[in-house]
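Visitor: Before anything else, here's the structure in question.
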Amino acid sequence: MNIEQQLSLRCNACCELCNSTANLVVYEVPPIGDLTADNCIMLCNICQTQINTPDTVDVNHWRCLSGSLWSAVPAVQVMVWRQLKQLATEHWAQELLETLYLDDQTQQWAEAGNTTQHIDEKTPTLDSHGTPLHDGDTVTIIKDLEVKGANFTAKRGTAVRNISLTANPEHIEGRVNGVRIVLLTCFLKKSA
């Protein structure tokens, strides 16, 4: 049985990310060593196109990941993690990302092919004073900020610990009042 037949059997001839049955193709999840069914997933043409050309991403298409994130297939888990990481500025995507658990080996695989993990090397994320920010830093909010959809105000002087950088160098993610939110770097100052 070839890889395409193995995948088709594994996924019941559906896209393993969005469950579409139209125009299915085998997608090799990078980085690839030996080409096996364990390193590949079955995708529809829409998912494959959006993965290969991220500037054409339809954010609403990827809401389908709420179902596929529960897959037991490591290759599917890797692609779900990567897509959610790419869409992490979306509140719903961040919530899904927080519920996704990957074992250590699968997490390493996911990070090995993640194009956003080194974003600070390409375009640095800077605070309001031009100081570079990195994952895990602590920042202080310098202005009261209304948090849309959460019904609270992030107060000036609030420390946000263990921040995460996003694909957008003008945004970071962090917890304020127990809620994970996206903050604009122009309202933040790196703490000493």
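Visitor: Condition test on Asn151, is it more than 22 Å from the chain's Cα centre (by Cα), closer than 17 Å to His91 by Cβ and open to solvent by 40 Å² or more (accessible area, probe 1.4 Å)?
Guide: yes
Visitor: Separate question: So Ala112 fits all but one of (1) of a type in the set (A, V, I, L, M, F, W, C); (2) within 29 Å of Ile3 (Cα to Cα); (3) at pLDDT below 90; (4) surrounded by 14 or more Cβ atoms within 10 Å (Cβ to Cβ); what number is the exception?
Guide: Status for Ala112: all satisfied but (4).
Visitor: Scan Thr131, Thr123 and give me the residue that is open to solvent by 40 Å² or more (accessible area, probe 1.4 Å), over 23 Å from the mean Cα position of the chain (by Cα) and among the β-branched types (Val, Ile, Thr).
Guide: Thr131
Visitor: Can you pull out every residue in region 168-179 that is outside any strand (DSSP E or B) and either open to solvent by less than 40 Å² (accessible area, probe 1.4 Å) or free of Cβ contacts under 8 Å to residues at least 40 places away in the same chain (or both)?
Guide: Pro169, Asn177, Gly178 - these are the residues of region 168-179 that are outside any strand (DSSP E or B) and either open to solvent by less than 40 Å² (accessible area, probe 1.4 Å) or free of Cβ contacts under 8 Å to residues at least 40 places away in the same chain (or both).
Visitor: Can you name the residue in region 66-94 that is in a helix (DSSP H, G or I) and farther than 21 Å from Gln105 by Cβ and is also least open to solvent (accessible area, probe 1.4 Å) among such residues?
Guide: Among them, the one singled out is Ala93.
Visitor: Go through (1) under 23 Å from Gly67 (Cβ atoms); (2) surrounded by fewer than 19 Cβ atoms within 10 Å (Cβ to Cβ); (3) at pLDDT 90 or above for Gly157 and report which single condition fails.
Guide: For Gly157, the failing item is (1).
The values are calculated or read from the model by the stated rules, or taken from the named source; none is laboratory data. Here the structure is a predicted model, which means the values were calculated and not measured. Every residue, glycine among them, receives a Cβ derived from its backbone with ideal geometry; neighbour counts consider all protein chains shown. What goes into the accessible areas is simple: the full protein's heavy atoms, side chains included, and nothing from ligands, DNA or RNA. Shrake-Rupley method; radii C 1.70, N 1.55, O 1.52, S 1.80 Å.
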